[in-house]
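The values are calculated or read from the model by the stated rules, or taken from the named source; none is laboratory data. Bear in mind the structure is a predicted one, so any value in this text is a computation, not a measurement. Here the Cβ positions follow ideal geometry from the backbone for every residue, glycine too, while neighbour counts run over all protein chains shown.
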Amino acid sequence: MAFRKSRKLLLKPLDALKKHFGHGGFLDGQERVIEQIVSGRDGLVVMPTGGGKSLCYQLPAMCFTGVTLVVSPLIALMKDQVDALVAKGIPATLINSTVPWEEQKQRLQGMRTGRWKLVYVAPERFRAESFLRALEGVEVSLFAVDEAHCLSQWGHDFRPDYMRLGKALEKIGRPQCVALTATATPVVREDILQVLGLREPFEVVSGFSRPNLSLTITAVDKKAQKLDRVRAVASAHRTGIVYCATRKKVEEVSETLASWGMRVIAYHGGMSDGEREKAQEIFLSRKADVAVATNAFGMGIDRPDVRFVVHYEIPGSVEAYYQEAGRAGRDGEAAVCELLFNYADTRTQEFFIEGANPGGQAIRDVYRYLMQTADGEHEVHKSIEDITDGAGLKNSMAVSSALATLARSGYIERFDVPGKRMRGTRLRRPEVYPADLAIDEDALSEKERRDRDKLKAMVEMAYSRVCRQQWILEYFGEEEADTCGCCDVCLDGGGEDRPPTEEEHMVVRKALSGVARMSRQTGQGWEGRFGRGKIVLMLLGSRSQDIAAAGLDQLSTYGLLAEKGSGYLNSLFRAMTEGGLLRVEVGEYPLVTLTERGERVMRGSKSYRLAWPSASEAAGVDSAVLDDHGFDPGLYEELRALRGKIAKAQQVPPYVVFSNKTLEALCRYRPKSIDEGMAVPGVGEIKAQKFLRGFVDRIKRWG
């Protein structure tokens, strides 16, 4: 075992917990982690947001002699952590780019004399040999890497500065090291261990379950619907975070919420450090109720009363989604997390993926421009925008990624330019020409493939009708996860969720065969070529020009389910997607193809359940009886509250009264009588007799 030499502890962990942190006991998972760290072992800790990761290294720091170095990626995160420790009387400080070098030297000297127990350090400090030399003579008892997923190129928030930490550990004498993160798939965990070079480490992956969070995914078609949902959620729950994908959207949404009288701050990467720090301080000090932000906001946000998190657009990965959703309910009380899903929003994430994954040619174009413009010292003082234009590229994100790749490969180094909000570039091997760059294009392609797979998984989750938390836990490797009972899927109940009859099983196999004939099978699995509309038309035996032009009328599955009708097949395809038999692929158009599970079912497996479409769902609403008045979030909230009241009185789950889908239909079609109400999908005769009268009366009062 790679234990350190036995060392005398200043305090036992439980004594230190009481003395310095004022707690009488540990949270779930903390004690076994701290025991391993105190024993002297390297380790990897994956603990969900709100699970108490920080204490896992802060407490051992108070038990050890010497100082604990904590690598932390954000200035605001460091400041919050240090302020909280100082408030407890714990000697802690930070070293980052905001601290002048003279002050940094004083703090380093304080580390040598035992003044500090915890010192938070930005990862870019380890670029400088002068900083590493300054650590000589400092007794580093523990090297803690927070937000450790940042050092994996397979992680959702890779930061090149983290890649130096393994070498930095060697240069400062290889102290005990522990890496901590809230979200890491098995492949990311393996990368963390390898990059840091941890020696026979312990690994603790504590439960990802957050039973106090109600996870909801709401399909939206238009911007107005999104804003209506944000307003409804914020009005109902007051304190929360709205995550947007772009700076422009942050500004737009924050201005709209402010115009509605909400106390709101905006936060994005286009703001200065001072502006971001001020905005975060306003939110943390409770002078604002809502933060509208890009994903730059959140690491270390320790406001326990966040009651909601809304994702205005789909995130790029399940890891990012769950980490951001986990900002809610850190006090253990109930909180809601809602993703507003529109498939068109995946195009923004596609743009980000392209920016994060420049090809070999783009990297060479950037390098060629740097060579052409470098001065006699082989330096280039140009902004990212200038380099983008000069290299003839369009995506400035791709240029930043190309520079990071060149830096990791040792061809360039980036440095701060004094007095400017930009960084310079120095050619380290100016004798190398662009054509001679040793670029691992296979690795670049593999990273892009993985990034796209993450987005595919996020889209798959959005379409799925499996319990949200169960789906996420299985994604992270907890295969025996239970249903949560409080997400939109669990509360909805959907249609009649059950295994297939023999007849239904045959219909499903025929439908899946049709999808297979219109897909492409590769070494990586199935790839879609057509959307749901064309597949359904082919199965129905449509004689449309589009079907004939594509040669789909020549397939063996053409017209195979003509007797079922388009209504039933569209409902069945939705159920098969929600049941995990089909997936919708990301791209300019949503293409449908088989999942591995769907392929097994196509070949005969009966181990599946679907929320089978009912006759009324397939037929839809009789437009001669009811008109669609559009979705009204205010009326919907009233109907949902009424449903909750009835369910409580009847002592049944809400979906037993009416599913969310039926509730939305009641909101749209607004029946004014029992007869009209029975024309709404999901309202059968028995439910109409038991529950419908109250809903009709509420709708009539609404107007």
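Scanning segment 401-429 for residues being in contact with a Phe, Trp or Tyr (Cβ under 9 Å, 6 or more places away or on another chain) and either in a loop (DSSP other than H, G, I, E, B) or not assigned by the TED database to the domain that holds Pro358 (or both) gives a total of 3.
Please verify whether segment 170-183 includes one or more residues that are among the small types (Gly, Ala, Ser) and either without any contact (Cβ under 8 Å) to a residue 12 or more places away in the chain or at negative phi (or both). Yes; the residues of segment 170-183 include at least one that is among the small types (Gly, Ala, Ser) and either without any contact (Cβ under 8 Å) to a residue 12 or more places away in the chain or at negative phi (or both).
Applying the selection to segment 674-703, what residues are of a type in the set (Gly, Ala, Ser) and at pLDDT below 85?
The answer is Gly677, Ala679, Gly682, Gly684, Ala688, Gly703.
Taken over segment 512-550, residues that are under 15 Å from Glu596 (Cα atoms) and assigned to a helix (DSSP H, G or I) amount to 4.
Just for segment 69-96: of the residues that are small (Gly, Ala, Ser) and farther than 23 Å from Arg174 by Cα, which one is surrounded by the most Cβ atoms within 10 Å (Cβ to Cβ)?
From segment 69-96, those small (Gly, Ala, Ser) are 72, 76, 84, 87, 89, 92; that's our starting set.
Now drop any that are not farther than 23 Å from Arg174 by Cα, which leaves 76, 84, 87, 89.
Details: Ala76: 21, Ala84: 15, Ala87: 9, Gly89: 9.
Across segment 69-96, the extreme among qualifying residues is Ala76.
Kindly evaluate Asp191 against the criterion of being charged (D, E, K, R), at pLDDT below 90 and within 30 Å of Gly52 (Cα to Cα). It is true that Asp191 is charged (D, E, K, R), at pLDDT below 90 and within 30 Å of Gly52 (Cα to Cα). Take the conditions assigned by the TED database to the domain that holds Pro123, surrounded by fewer than 21 Cβ atoms within 10 Å (Cβ to Cβ), at positive phi and not aromatic (Phe, Trp, Tyr) and apply them to Gly66. Does it pass? Taking the combined requirement at face value, the residue satisfies it.
Scanning segment 380-403 for residues that are free of Cβ contacts under 8 Å to residues at least 24 places away in the same chain and among the polar types (S, T, N, Q) turns up at least one hit.
Search segment 267-289 for residues that are over 25 Å from Pro304 (Cβ atoms) and pair each with any residue that is assigned to a loop (DSSP other than H, G, I, E, B) when their beta-carbon atoms are under 7 Å apart and the residues are at least 6 apart or on different chains. These pairs meet every condition: Gly269/Thr294; Gly269/Ala296. With the structure loaded, tell me whether Gly52 is farther than 26 Å from Gly274 by Cα, over 35 Å from the mean Cα position of the chain (by Cα) and of a type outside the set (Asp, Glu) or whether it fails that test. When the stated conditions are applied, Gly52 does not pass them. Among residues that are at pLDDT 90 or above and within 24 Å of Val205 (Cα to Cα), Ala92 is not included.
Residue pairs whose Cβ atoms lie under 9 Å apart, sitting 6 or more positions apart in sequence or on different chains, and linking a residue in segment 680-702 that is touching a residue at least 24 places away in the same chain (Cβ under 8 Å) and at positive phi to a partner that is part of a helix (DSSP H, G or I) and charged (D, E, K, R), are Gly682/Glu617; Gly682/Lys661. When Gly326 is tested against the conditions (1) crowded, with 23+ Cβ neighbours inside 10 Å; (2) assigned by the TED database to the domain that holds Gly419, the lone failure is (2). Looking only at residues that are buried (at least 20 other Cβ atoms within 10 Å of the Cβ) and of a type in the set (Val, Ile, Thr) in segment 534-556, which one is modelled with the lowest pLDDT? Per the criteria, the residue is Val536.
One residue alone among Gln469, Gln361, Gln372 is in contact (Cβ under 8 Å) with a residue 40 or more places away in the chain and not basic (Lys, Arg), and that residue is Gln469.
Checking each residue in segment 140-175 for being modelled with pLDDT of 90 or more, in a loop (DSSP other than H, G, I, E, B) and within 21 Å of Met78 (Cα to Cα) picks out only Asp146. Out of the residues in segment 430-444 that are assigned to a loop (DSSP other than H, G, I, E, B) and of a type in the set (D, E, K, R), state the one that is nearest to the chain's Cα centre (by Cα). The residue in question is Asp440. Annotation note: of Asp442, Asp451, Asp482, the sole residue that is over 27 Å from Ser566 (Cβ atoms) and free of Cβ contacts under 8 Å to residues at least 12 places away in the same chain is Asp442. Do you know which of the residues in segment 6-49 that are β-branched (Val, Ile, Thr) and part of a strand (DSSP E or B) is farthest from Ala320 (Cα to Cα)? Here the residue is Val45. A count restricted to segment 644-666 and to residues that are more than 31 Å from the chain's Cα centre (by Cα), closer than 17 Å to Ala688 by Cβ and assigned to a helix (DSSP H, G or I) stands at 6. Do we find a residue being at pLDDT below 80 and of a type outside the set (Phe, Trp, Tyr) anywhere in segment 590-606? Within segment 590-606, one or more residues are at pLDDT below 80 and of a type outside the set (Phe, Trp, Tyr). When the residues of segment 554-573 are filtered to those that are polar (S, T, N, Q) and not in a loop (DSSP other than H, G, I, E, B), the one that is farthest from Ser542 (Cα to Cα) is Ser571.
Suppose we filter Thr373, Thr388, Thr425 for residues that are out of contact with any Leu (no Cβ under 9 Å at 6 or more places or on another chain), farther than 30 Å from Val459 by Cα and surrounded by 19 or more Cβ atoms within 10 Å (Cβ to Cβ); which single one remains?
Working: Thr373 fails: surrounded by 19 or more Cβ atoms within 10 Å (Cβ to Cβ); Thr425 fails: out of contact with any Leu (no Cβ under 9 Å at 6 or more places or on another chain).
Step by step, each of Thr373, Thr388, Thr425 is checked, and only Thr388 is out of contact with any Leu (no Cβ under 9 Å at 6 or more places or on another chain), farther than 30 Å from Val459 by Cα and surrounded by 19 or more Cβ atoms within 10 Å (Cβ to Cβ).
Of the set (1) under 14 Å from Val46 (Cα atoms); (2) modelled with pLDDT of 90 or more; (3) assigned to a loop (DSSP other than H, G, I, E, B), all apply to Leu198 but (1).
Every condition in (1) surrounded by fewer than 21 Cβ atoms within 10 Å (Cβ to Cβ); (2) closer than 27 Å to Glu333 by Cα; (3) modelled with pLDDT of 95 or more holds for Glu252 except the one numbered (2). With respect to (1) modelled with pLDDT of 80 or more; (2) over 25 Å from Cys486 (Cβ atoms), the lone exception for Leu635 is condition (2).
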